[in-house]
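Peer 1: Could you have a look at this structure, given as structure tokens, before my questions?
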Amino acid sequence: MARGSSGIVAGLTAAAVAAVCFLAYQASANAPDSVAAPTAQSSGSSSAAPTEKPEAPREPLAVPADSDTGARVVYALKDRRVWIVDAKEKSLRTFIVMPSSINPLPGVYRVTSRSGSIKGSDGVPIEHVVRFASVDDVSVGFSAAQDDSMHSPDPTIKTGGVRMKRADGNAMWTFATVGAKIVVVP
């Protein structure tokens, strides 16, 4: 009986090693060039020409560098992302948003008004509206649809609602009181 169970253990061990080797091969085959390719420094050779110090890669969820300072809400138009930043420059929360059909220009704004629950300009019931800009007589602000949807806006209708999930809207409502700084970056 002992001889049979040791054969089973040996077979299972061999299968596990084969699976790990296969997964390691897949990981190395799919690794980005920046990780998979050896660098000049790791090869041991040195060049006589000085090389520029590579720029540190930006953490994808890091607060944008040129987004002012202090307690603020940062809205990155291109990234479709918002950061809530405290006075110590710590990102308290970051989340994706669905931009409106009208966007404010990059710059520093202040929260001008808030509404707890209203109907959006697109007819959708919304909550936690935080307004901070006006573009072509259209108020621009953050809001959350009460049904938690984040549909793309109809491009033929001028709307200024930057939509977010309800949990994110709750955080925005708590942080962005009237007068709070909103920084819009490209």
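The values are calculated or read from the model by the stated rules, or taken from the named source; none is laboratory data. Just so it is clear, the structure is predicted and the values come from calculations on it, not from any experiment. Here Cβ is always computed from backbone atoms with ideal geometry, including for glycine, and neighbour counts include all displayed protein chains. Accessible surface is based on the protein model in full, side chains and every heavy atom, while ligands, DNA and RNA are left aside. Shrake-Rupley method; radii C 1.70, N 1.55, O 1.52, S 1.80 Å.
Peer 1: What residue, of Asp148, Asp154, is among the acidic types (Asp, Glu) and without any contact (Cβ under 8 Å) to a residue 40 or more places away in the chain?
Peer 2: Asp148
Peer 1: Going by the conditions given, is Ser121 of a type in the set (Ser, Thr, Tyr) and closer than 23 Å to Ala180 by Cα?
Peer 2: On the way: of a type in the set (Ser, Thr, Tyr): yes; closer than 23 Å to Ala180 by Cα: no.
When the stated conditions are applied, Ser121 does not pass them.
Peer 1: Then there's this: All but one of (1) assigned to a loop (DSSP other than H, G, I, E, B); (2) within 17 Å of the chain's Cα centre (by Cα); (3) more than 17 Å from Leu61 (Cβ to Cβ) hold for Lys78, so report the exception by its number.
Peer 2: Going through (1) assigned to a loop (DSSP other than H, G, I, E, B); (2) within 17 Å of the chain's Cα centre (by Cα); (3) more than 17 Å from Leu61 (Cβ to Cβ) one by one, Lys78 breaks only (3).
Peer 1: If you take the residues of the stretch 115-127 that are in a strand (DSSP E or B) and not polar (S, T, N, Q), which of them is most open to solvent (accessible area, probe 1.4 Å)? Let's see the steps before the verdict.
Peer 2: Of the residues in the stretch 115-127, the ones in a strand (DSSP E or B) are 115-119, 125-127.
Now narrow it down to the ones that are not polar (S, T, N, Q): 116, 118-119, 125-127.
Values: Gly116: 39, Ile118: 63, Lys119: 145, Pro125: 67, Ile126: 10, Glu127: 24 Å².
Within the stretch 115-127, the match that is most open to solvent (accessible area, probe 1.4 Å) is Lys119.
Peer 1: Which numbered condition in (1) crowded, with 16+ Cβ neighbours inside 10 Å; (2) within 24 Å of Thr174 (Cβ to Cβ) is the only one that Pro153 fails?
Peer 2: The number of the failed condition is (2).
Peer 1: Identify all residues within the stretch 156-179 that are within 20 Å of Val74 (Cα to Cα), surrounded by fewer than 21 Cβ atoms within 10 Å (Cβ to Cβ) and not polar (S, T, N, Q); write none if there are none.
Peer 2: Lys165, Arg166, Ala167, Ala171, Trp173, Phe175, Val178, Gly179
Peer 1: Output the residues belonging to the stretch 92-114 that are at pLDDT 95 or above, among the polar types (S, T, N, Q) and either touching an Asp or Glu at 6+ places or on another chain (Cβ under 8 Å) or surrounded by fewer than 14 Cβ atoms within 10 Å (Cβ to Cβ) (or both).
Peer 2: Across the stretch 92-114, the qualifying residue is only Ser113.
Peer 1: Here's something else I'd like to know. Pull out all pairs, ordered by first then second residue, where Cβ-Cβ is under 6 Å, the residues are six or more apart or on different chains, the first lies in the stretch 157-174 and is in contact (Cβ under 8 Å) with a residue 12 or more places away in the chain, and the second is open to solvent by 70 Å² or more (accessible area, probe 1.4 Å).
Peer 2: Thr159/Ser121; Thr159/Asp122; Ala171/Arg93
Peer 1: Could you list, in sequence order, all residues of the stretch 82-91 that are within 20 Å of Val140 (Cα to Cα) and either open to solvent by 40 Å² or more (accessible area, probe 1.4 Å) or touching a residue at least 60 places away in the same chain (Cβ under 8 Å) (or both)?
Peer 2: Val82, Ile84
Peer 1: Taking the criterion of being outside any strand (DSSP E or B) and open to solvent by less than 50 Å² (accessible area, probe 1.4 Å), would at least one residue in the stretch 133-141 satisfy it?
Peer 2: Checking the stretch 133-141: not a single residue is outside any strand (DSSP E or B) and open to solvent by less than 50 Å² (accessible area, probe 1.4 Å).
Peer 1: Of all residues in the stretch 73-110, which are among the hydrophobic types (A, V, I, L, M, F, W, C) and farther than 21 Å from Pro186 by Cβ?
Peer 2: Within the stretch 73-110, Ala87, Leu92 meet the criteria.
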